[in-house]
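Written out below as structure tokens is the structure these notes cover.
The values are calculated or read from the model by the stated rules, or taken from the named source; none is laboratory data. Predicted, not measured: the structure shown is a model, and the values here were computed from it. Backbone-built Cβ (ideal geometry, glycine too); neighbour counts: all protein chains shown. Protein only, heavy atoms only, side chains kept; ligands, DNA and RNA dropped before computing areas. Shrake-Rupley method; radii C 1.70, N 1.55, O 1.52, S 1.80 Å.
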Amino acid sequence: ILVLSSCGVSGNQEDLLILTYMLLLLNSYLNIGLQFVTMSSQQISKGMEELITNRSRDVFVKSDPTSVEKYSNGYGSLEEELRAVNEMNQIIPEYVPDVVDVRSEDGEVQEIHYELVDGDTVEDISRGFSDESVSRSDYRGLEQVVDELHENGIAHGDLNRRNVMYGSDGWTLVDPAGILESDEDYDEAVRDDAQRLGRIDVVLERSRHTSF
């Protein structure tokens, strides 16, 4: 300002020059900030690309066993769920989610990493929260899957509407208690499977006749 005054610049001209200088300074700061944001965005995008590239499969991590109904013989732990999934995979591999990884600590299973299932739960389908539709013949397919399990000496043990999913690849059974024929609760579990299938049939039939 002193330099401008000594050069004979008037007050209005002085204000204009100061304003011009401030605008130029502000523009330079904005350009620097924009470059920083652009660089940061590029780094984030690069990081996401690396993450997506490194993930060969989409995974759901199960670490809370409380959602699995427990029977008197103690079923409900992640160890028992893993055993059940392995047993069912021997019988109906196309109807059970793949186990991608298992994390253990001190000999106890802490996490089961499942491949994500393409589809929606019967709960969501029956309440109109899904675009999936299940015909009578589709439901008969579910009955056949459960019958195949029973014929091979294993019951799912927790066929609620959140543990049965339907999608483009058909049915998927998740969160099994996995009661074997040699277990004392097997007969009870088979009856429970049948009763729950009946409830699933009812809600799906109702949803076919309901407009959401």
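Below, the figures for the structure above:
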item: Loop sites in the stretch 71-165: trypsin sites (Lys or Arg not before Pro), DSSP, at most 15 other Cβ within 10 Å; result: Arg127, Arg162
item: Cα gyration tensor shape for the stretch 88-212, rounded if a/c is under 1.5, else prolate or oblate; result: oblate
item: Rounded to whole Hz, the Karplus (6.51, -1.76, 1.60) HN-Hα couplings of the stretch 162-175, x for glycine and proline; result: 8, 9, 10, 10, 9, x, 5, 9, x, 8, 9, 9, 10, 6
item: Relative contact order, percent, the stretch 83-176 [alpha-carbon distance under 8 Å, six or more residues apart]; result: 33
item: Percent accessible area from carbon and sulfur atoms, the stretch 133-212, protein chains only, probe 1.4 Å; result: 41
item: Accessible area (Å², 1.4 Å probe, nearest 10) - Tyr166; result: 30
